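Report on the structure given below.
The values are calculated or read from the model by the stated rules, or taken from the named source; none is laboratory data. Worth saying up front: this structure is predicted, and the values here are computed from it rather than measured. Virtual Cβ from ideal backbone geometry, glycine too; neighbours counted across all protein chains shown.
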Amino acid sequence: MPVELYAVTCGHLTIPSAFLLAKTKGWITVPVPAYVIVHSRGKVLFDSGMHLKAQTDAAGYLGPEGIKANIPIFSPGEEVAARLAALSIAPGEITHLINSHLHYDHAGGNAQIPNAEVVLQRAEWDHAMAQPDHDVAYHKGDFDTGQQVHKIAGEHDLFDDGTVVCLPTHGHTPGHQSLRVRTAGGEFILCGDACYLKQSLDNLHLPGIVADKEAALAVFHRFRAMQERGARIMYGHDPEFWRTIPQAPTRLG
Ligand SMILES: [Zn+2]
């Protein structure tokens, strides 16, 4: 059975533009993407969007500091569990939940996916667990949700066939990873927050908030090399790019 890749949108966020592109002004509204990969040996979710609490009490959920610069636009029906319904997949059927990293807009929906093995870089788990309870970006209630956690270190081929491969891309956070997916339609790089926008890569424009600038820039160069090889780079939070991406149940690849 060929590997199938689908894109879903789990709400939007309005944030300062400088978060995404250093030294820029104003605000930007960006999509919160997640992806579903259907493989003969499992159903995989890459990132889980935001927590349901962001729909009902965003200020309480994000805290007084968080809500100043992170404004969710997130309605009932946009949470990841509801988006899976477009594919007639029940949340309990997801076998693997791969988190690019554990920021609230990437791991906030983890609790909605009860039976999956969570797959992430050990460095990300350790970093996230070391943050204070009121951290703006990392909420333990998002990701310390009881599923089995498979902590990997480095590249990881999920099904040992080269179709779904975790690629360490630290820089945005200490344990960030991206995902390479090979389908009959070609190779896709699901960047997560390792590359927010098309212009980030085109202009090598780093974000205003980044754990390791040098590492983040090295990741941009790796993405460019993959792009030159023919891989499609799936930018993490690009509103214009995202408008061109077919949503589930239409197949992306
Ligand atoms: Zn992030």
Checklist entry - In this structure, is GLY236 crowded, with 17+ Cβ neighbours inside 10 Å, modelled with pLDDT under 95 and not acidic (Asp, Glu)? => result no
Next on the checklist: Regarding segment 166-183, can at least one residue be identified that is assigned to a helix (DSSP H, G or I), out of contact with any Ser or Thr (no Cβ under 7 Å at 6 or more places or on another chain), within 16 Å of the ligand (Cβ to nearest atom) and free of Cβ contacts under 8 Å to residues at least 60 places away in the same chain?
Outcome noted: no
Item to check | When residues of segment 32-71 are limited to those that are small (Gly, Ala, Ser) and under 20 Å from ALA248 (Cβ atoms), the one surrounded by the most Cβ atoms within 10 Å (Cβ to Cβ) | outcome: SER48
Next on the checklist: Taking the condition of being surrounded by fewer than 22 Cβ atoms within 10 Å (Cβ to Cβ), in a loop (DSSP other than H, G, I, E, B) and in contact with a Lys or Arg (Cβ under 8 Å, 6 or more places away or on another chain), how many residues in segment 89-121 meet it?
Outcome noted: 2
Next on the checklist: For segment 167-193, which positions are surrounded by 24 or more Cβ atoms within 10 Å (Cβ to Cβ) and within 17 Å of HIS101 (Cβ to Cβ)?
Outcome noted: THR169, HIS172, THR173, GLY175, HIS176, GLN177, SER178, LEU179, LEU190, CYS191, GLY192, ASP193
Checklist entry - Among the residues of segment 81-126, how many are of a type outside the set (Lys, Arg), more than 16 Å from the ligand (Cβ to nearest atom), touching a Ser or Thr at 6+ places or on another chain (Cβ under 8 Å) and in contact (Cβ under 8 Å) with a residue 40 or more places away in the chain? => result 5
Next on the checklist: Give me the residue from segment 142-165 that is in contact (Cβ under 8 Å) with a residue 24 or more places away in the chain, away from the ligand (no atom under 16 Å from the Cβ) and outside any loop (DSSP other than H, G, I, E, B) and, out of that set, surrounded by the most Cβ atoms within 10 Å (Cβ to Cβ).
Outcome noted: VAL164
Checklist entry - If TYR196 satisfies every condition in (1) loosely packed, with under 14 Cβ neighbours inside 10 Å; (2) not in a helix (DSSP H, G or I) but one, which is the exception? => result (1)
